[in-house]
């Protein structure tokens, strides 16, 4: 159930130093792009976190691609330019994050060889940008992605975080809490070889969600390699309510369906299980007036969620874990509903 995760509230990144003696990127190599829209509450903290910890950052180009913010986002960024002369604001009239990154690479990418995509809701530790750039350069790959570790503050967030990085929550996606550095098909986007990014056309700007997975499909088809660097870890706060989580995963499902249709791909087994479960539950309940045996599958699913909730609560010694099943069901059913909705609509938005 992969999808773009940039709408999550990112709170921390844990990175390790590059091994001594290996190739390092130059600041002149790097273009950093931060898509933004009405981010006055977060943008200064994000930028300051990105601009610390490595002297090479002074030579990097830092671009905030603003989608027409109506708050003080632009004014804040313009004010920071006095302190950080390598910072600039760029208009993103199409408003989507995919379009923001594309426009920034076209307008500000001249002379740069590495693209680092960052999120306005993030607070990064010192040196994150150059850690990503170093990893990309020393491995000579098309893209470096990073694993994500979910964390929670509210009770539902904690339950959501505890289950999302498990096979029941995310289906075993490598970048969801993965601990092993390896080549992958997809992961949370961090760094790109800029020439390759531009060569395959950047992001598909018709995608509001799942543009990252769609890009990775084209990248692999073009022979590009994607490396997940488990030494660069991103911690984030997942959605804090059932409604927000349902909306997020509904959009993820729609985006995944569009990617599958665009490229004529077949879904993987882990992507088939949630929609099959949704169909089984709906049919089971619908046929219950005819035979109670039809409730076996819905009851089995509910039982699995209940057991998962109990297991999470015991493991983390917290009653908040009892909400893990609810969070998992919300992800499964919403993602599946979005997938079916988009499949019925076809490629139309």
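Between 0 and 90 degrees, the angle of helix 97-108 with respect to the longest Cα principal axis of the chain falls at about 10 degrees. The tail of the calculated P(r) for segment 75-233 beyond 26 Å holds 32 percent of all Cα-Cα pairs. Ordered by the count of other Cβ atoms within 10 Å of each Cβ, fewest first, 233, 256 give 233, 256.
Once the Cα atoms are used to define both axes, helix 269-286 deviates from the longest principal axis of the chain by about 40 degrees. A Cα-only calculation for segment 128-219 places Rg and Dmax at 14.9, 45 Å.
Relative to one another, the C-alpha centroids of segment 39-112 and segment 229-271 are positioned 26 Å apart. By other beta-carbon atoms within 10 Å, ranking 42, 316, 188 with the fewest at the front produces 316, 42, 188. Sorted largest first, the spans of the alpha carbon positions of the chain along the three principal axes are 70, 45, 44 Å. Among 70, 112, 179, which one moves the most in a GNM of the chain with springs linking Cα atoms closer than 10 Å? Of the options given, 70 has the highest mean-square fluctuation.
Which of 270, 23, 117 has the fewest other C-beta atoms within 10 Å, and how do the rest follow up to the most? Mind showing how you got there, number by number?
Details: 270 14, 23 10, 117 24.
By the 10 Å Cβ count, ascending, the order reads 23, 270, 117.
Note on the chain: with a GNM built from Cα contacts shorter than 10 Å, the maximum mean-square fluctuation among 305, 322, 287 falls on 287. Which angle between 0 and 90 degrees, to the nearest 10, do you get for helix 128-139 versus the longest principal axis of the chain when only C-alpha atoms count? On a 0 to 90 degree scale, this one is about 90.
In whole percents, the pair-distance distribution calculated for segment 245-345 from its alpha-carbon pairs, binned every 10 Å from zero, is 16, 36, 32, 14, 1. Let me check against my output: what whole-number percent is the relative contact order of the chain, with C-alpha pairs under 8 Å and at least 6 apart? Answer for the chain is 22 percent. Estimated translational diffusion coefficient (Stokes-Einstein, Kirkwood radius over Cα pairs, 10 °C, 1.306 mPa s) of segment 157-315: 88 µm² per second. Within segment 185-276, the proportion of Cα pairs with more than 21 Å between them is 42 percent. Per residue of the chain, the DSSP helices (runs of n ≥ 4 H) give a summed -39500 (n - 2.57) that works out to -14000 deg cm²/dmol at 222 nm.
Normalised by the number of residues in segment 222-302, the average gap of Cα pairs under 8 Å and 6 or more apart makes the relative contact order 14 percent.
Laboratory data are not the source of any read-out in this text; all were calculated from the coordinates shown. As the structure is a computational prediction, the values presented were derived from the model and not from experiment. Positions of Cβ are backbone-derived with ideal geometry, glycine not excepted, and every protein chain shown enters the neighbour counts.
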